[in-house]
Amino acid sequence: GVPRCGASLHEPNKALRIELNANANCIWQIQRNANQTIRLVFSHFKFAPSSSCESESIKVFDGPSTDSPLLGQVCDDTDAVPVLESSSDSLTFLIKTNPEAFRRNFFVYYYFFSPGSKTENCGGQLTGPNGTFSSPNYPAPYPQFRYCVWHIQAPKNSKINLQFLDFFLELDRNCQLDFTAVYDGATTNSGLLGKICGLAQPTFESSSNKMTVVLSTDDANSYRGFSAQYSSDPLPGPMEPNTTLTCSSDSMRIVLSKSYLASLGFREADLQLNDPSCRPVVTDSVIFSFPLASCGTIKKDEGHSITYTNTISLAPAGNAIITRQRNTEIIAQCRMKNNETLEVIYTTTNNAIQNLTARGRYNVSMAFYESDLFSKPIQYSPYYVDLNQTLFAEVTLHSTDPNLQVFIDTCTASPQPDFGSMTYDLIRSGCNKDDTVVTYPAFGNHGRFKFRAFRFLRSFPSVYLQCDIVICDSNTTNSRCARGCIYRQKRAISPYTWKTNTVVGPIRLKRDLRAAEHSESLTEAEAEKTPNLQQYNFYTLAFVVLISNILIVVVVTLKHHKHQVGYSYQNVQS
């Protein structure tokens, strides 16, 4: 019901799912006669792949029009979950797109709140070598419309290890409703380590003695939240002072201290990457932040890993043809390996090398869709299906590198989540083993397949799926992705870039619905939000995505009206 391009909004809170094409210039104005301010959360945004801040962005203005002061800007390379707050009861945002033919997707919600009120009293400052914290009301359901920020500071020359002992937030495909975001530094502008939701036990590691954790909630379903603890360890040495490198699926971020650059004889204004047009942002530190596949980054496929390398060097001074400065370069390298990213930054001065290492990961997600068009993801929660119903699944790699390919190698079904009992192959070594399975050709950073819902015999109530996902360089002709179906797998058949497991389940029939709801700790209030339960016939499907020690449980809903299937709810119940 939201207009495709702009609107005037007066509700106390609202969520907007926005889709825009090329050459859009759309304005949303939020205003309400209330002695409150507005919090605006852009929890998901997808711009055109080749966009820049100049050609395509979201601009937020602190007032009733675009003539009001600029509050902030969101672009394709924004490495954060943007949250902006007005100073009054009006706010305006403008979305502008470039001429590229591409469907942009945005999810934004806002709500009015009273700064300094009791409901805003959450988060805080955490200091010392270790500590614990939890979401408001834990283990009871967290409240709606909360934005809590915890700033963690450990002793100097240490790094922070954060572990979520218990974590259960509302789950959706892009964590755009309720989510927790973790940042590698003292503020939410210091580099996003990860955004999580659902049921998980994730861990994070900072590159310094500071970390920021955010909890954001909307007005829909609430679960028990999280309980977390942190500890600190000494930073490894030898290490360049205040020099950090952060790698993600999308970008490389290099932070250099001015004192360290001075010791090398570098002036921050003269620094450049492989692409001379890529220059740093200079604040208290010197920061390079850029998409992985840009700024002259060199990519190398090394078989079971892929490496992205860029070099910081001095730009030539004027028309000079000689120099008496040392031949010094700072080389940054992100190495993607199985279930992890190895980050290396080192300095070469006449062949002398020092280095610093850290950890990270590719960002992969999985979702079900309504049809083989893969245009409308299932947004319902839970997702119930009929026996023998065709299900459409898509695995997505979230990366700015356009030359990566996702390949679904193996999918195995089991009645137990540990896959220790009987198993049944849907896909094995890229070959379809079940007659109902259809895999789709590679499409960008997506892997797609479909199959019909089923159950195990002998009174097993559940079905779990475990899929092995392989990520390759699409330009490598002998990669595992290019080989496709392999009936007899030989040793060292071909290189692949990166591999991870995806676990899907359980699938249950309707008679197990109540047990499933109990096992997932759904409250009666949440069950009441399911519309017209007696008007539908339900079966259960949930899936769990396991990505490098981060466990995400996804539950989505598909429903069939009783009149369409020709029998009553009471008959199904009996």
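Quick notes
- In segment 248-307, the residue that is modelled with the lowest pLDDT out of those that are assigned to a loop (DSSP other than H, G, I, E, B) and of a type in the set (A, V, I, L, M) is Leu264.
- Checklist (1) within 15 Å of the chain's Cα centre (by Cα); (2) open to solvent by 20 Å² or more (accessible area, probe 1.4 Å); (3) assigned by the TED database to the domain that holds Ala140 applied to Thr187, failing item: (1)
- Just one of the listed residues (Pro280, Pro276, Pro234) is more than 18 Å from Trp150 (Cβ to Cβ) and touching a helix residue (DSSP H, G or I) at 6+ places or on another chain (Cβ under 9 Å), namely Pro280.
- Filter result for Asn209 (modelled with pLDDT of 85 or more and touching a Lys or Arg at 6+ places or on another chain (Cβ under 8 Å)): yes
The values are calculated or read from the model by the stated rules, or taken from the named source; none is laboratory data. Because the structure is a prediction, the values reported are computed rather than measured. When we count neighbours, we look across all protein chains shown, and the Cβ atoms used for this are built from the backbone with ideal geometry, even at glycine. The protein model used for the area step is the full one, side chains on, heavy atoms only, and it has no ligands, DNA or RNA in it. Shrake-Rupley method; radii C 1.70, N 1.55, O 1.52, S 1.80 Å.
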